[in-house]
Amino acid sequence: MGRSHLDVVNEAVNDDGSLRNSIWLRGIGPDYLDLAFRWAHEANPQARLFYNDYGGEGLGPKSDAIYALLKSLLQRGRAHQWSGSANAHQPR
């Protein structure tokens, strides 16, 4: 059987680079991003974990924030893979 893929967090970043005001941000705070990836990995350690967003394909505050967020998650071992639906942010 092939490796599964999990879309863990979707559209967490606003166009200005700030975190989107969501139930998760209001209830848990910005740590929800780490927690979501940690819990997804615990639920399925073999799955490839993804972040999805839109509007980050050019240079600007949103793409910079997405890049910084995902780089930080990778450095802390939270995400192993990531990508965007309209833009592809994939580590090499």
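Residues in region 12-37 that are surrounded by 13 or more Cβ atoms within 10 Å (Cβ to Cβ) and part of a helix (DSSP H, G or I): 9 in all. When each of Leu74, Leu33, Leu19, Leu69 is tested for being closer than 14 Å to Asp7 by Cα and either within 12 Å of the chain's Cα centre (by Cα) or modelled with pLDDT under 85 (or both), the lone residue that passes is Leu33. Pairs meeting the criteria (first residue in region 55-78 and in contact (Cβ under 8 Å) with a residue 12 or more places away in the chain, second residue among the aliphatic types (A, V, I, L, M) and assigned to a loop (DSSP other than H, G, I, E, B), beta carbons under 7 Å, at least 6 apart or on different chains) are Gly55/Ala86; Glu57/Ala86; Leu70/Ala79; Leu73/Ala79. When region 1-52 is filtered for residues that are out of contact with any strand residue (DSSP E or B) (no Cβ under 9 Å at 6 or more places or on another chain), in contact (Cβ under 8 Å) with a residue 12 or more places away in the chain and acidic (Asp, Glu), the ones remaining, listed by number, are Asp15, Asp16, Asp34. Would you point out which residue out of Asp7, Asp53, Asp31 is closer than 22 Å to Arg76 by Cα, in contact with an Asp or Glu (Cβ under 6 Å, 6 or more places away or on another chain) and acidic (Asp, Glu)? Selected residue: Asp53, the only one of Asp7, Asp53, Asp31 that is closer than 22 Å to Arg76 by Cα, in contact with an Asp or Glu (Cβ under 6 Å, 6 or more places away or on another chain) and acidic (Asp, Glu). Could you list all residues from region 49-75 that are hydrophobic (A, V, I, L, M, F, W, C) and not in a helix (DSSP H, G or I)? Hits for region 49-75 are Leu49, Phe50, Leu59.
Pick from region 38-48 the residues that are in a helix (DSSP H, G or I) and either of a type in the set (S, T, N, Q) or within 20 Å of Gln75 (Cα to Cα) (or both): which of them is modelled with the lowest pLDDT? Only one residue fits best here, namely His41.
The values are calculated or read from the model by the stated rules, or taken from the named source; none is laboratory data. Since this is a predicted model, take the numbers as computed values, not measurements. Backbone-built Cβ (ideal geometry, glycine too); neighbour counts: all protein chains shown.
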